[in-house]
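None of the figures in this text is laboratory data; all of them are computed from the coordinates on show. Here the structure is a predicted model, which means the values were calculated and not measured. Virtual Cβ from ideal backbone geometry, glycine too; neighbours counted across all protein chains shown.
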Amino acid sequence: MSKRSIIPGFRLSIGISVFYLSILVLIPLSIIFIKSFELSLAQFWDTIINPRVLASYRISFVTAFCAAIINTVFGLIVAWVLVRYQFPGKKIIDALVDIPFALPTAVAGIALTALYAKNGWIGSLLEPLGIKVAYSPLGIIVALTFIGIPFVVRTVQPVIEDLEKEMEEAAVMLGAYRLRTFLRVVLPTLYPALLTGFTLAFARGIGEYGSVVFISGNMPLVTEISPLLIMTKLEQYDYAGATAIAAVMLIVSFLLLLLINLLQWSMNRRMTANS
């Protein structure tokens, strides 16, 4: 005789959850692989190892990774300041963090391009220094940093709010310097949240299109990202080629996210064992 669950409606709720995820996630993703099967193995291989396609993979993943690293560092600083300090305009700054969520990505891309172009407010200052932002990989990193910062801040912020200040005070009373207290007491507690924020920012950056397409310049082999190349294939009615590129991006992204999740699981397990 099966044991009844204390929580009622389990079968109905799990059925609705599986159906919902299937309609929105599993079925669309499976169509990508089904459509790419229209290509023969040789055609599929030729498509995904094309120099232009390989360059787009490299640009997409490297720039997304760099932007996620930047967001992890500065997102932690922003979250720390918003939680631990009181200052005029704090609520305004806290609200500004969510602007990339609400702002259409195309508008963000146009604004960033206007700022960082040679004749833009910031670009005109960087140009004499030999720093080119717009229409370069650096511009892509700037755009991905802009759209990814809220993921880190909003992930880390609740964890900082729940931190017990008594632990920090005890470390200081035992003679630890502030930097050592942060590195040995605070940071280990924030590792899982930081890794989650990094993962979200990285995943968002890999598939970002609207904010990047304007500032990148879309130069093949130089600043052309994979989502743009997929759009180009679709405009050429090469649906099988577009889904082949998308399938490779999906597989690589899944493996990277799986690796990060395994790392996070290992860290959580180690922290639980130590406590």
Which FRET efficiency, nearest 0.05, do S30 and M231 yield, Cβ-Cβ r, R0 25 Å?
0.75
What FRET efficiency comes out for the pair L258/I131, r = Cβ-Cβ distance, R0 = 41 Å, nearest 0.05?
0.65
Expected unfolding gain across N218-S22 under the 0.36 nm per residue rule, minus the alpha-carbon gap, is 67.1 nm
Whole-number D in µm² s⁻¹ for segment 14-160, Kirkwood Cα-pair radius fed into Stokes-Einstein, 37 °C, 0.692 mPa s
174 µm²/s
Of the convex hull enclosing the alpha-carbon atoms of segment 37-274, the direction-averaged projected area in nm² is 16.7 nm²
Estimated dipole of segment 37-274 in Debye, rounded to 20 [Cβ of Lys and Arg +1, of Asp and Glu -1, Cα centre]
520 debye
Points 7 angstrom from Cα along the Cβ direction at E38 and E161: gap in nanometres?
4.9 nm
When the chain is fully extended, how far beyond the present Cα-Cα distance does I99 get from W45, taking 0.36 nm per residue of separation?
15.4 nm
Inter-probe distance in nm under a simple model that places probes 7 Å from Cα toward Cβ, at R184 and W265:
3.2 nm
Mind ranking 151-164, 83-96, 255-268 by how tightly packed they are, going by the mean number of other C-beta atoms within 10 angstrom, highest first?
151-164, 255-268, 83-96
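Could you give the DSSP H helices of the chain that reach 20 angstrom or more along their long axis (alpha carbon positions) and whose average Kyte-Doolittle hydropathy is no lower than 0.0?
51-84, 137-162, 187-207, 239-274
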Mind counting lysine pairs for me in the chain? Cα separation below 23 Å, and the two need to be 8 or more apart along the chain or on different chains.
4
At 0.36 nm per residue, and after removing the present C-alpha to C-alpha distance, how many nm does the segment from V62 to I110 gain when stretched out fully?
15.0 nm
Quick query: amide H of L39 versus all other amide H atoms, modeled in the peptide plane; which residues come in under 5 Å with a sequence gap of 5 or more or a different chain?
none
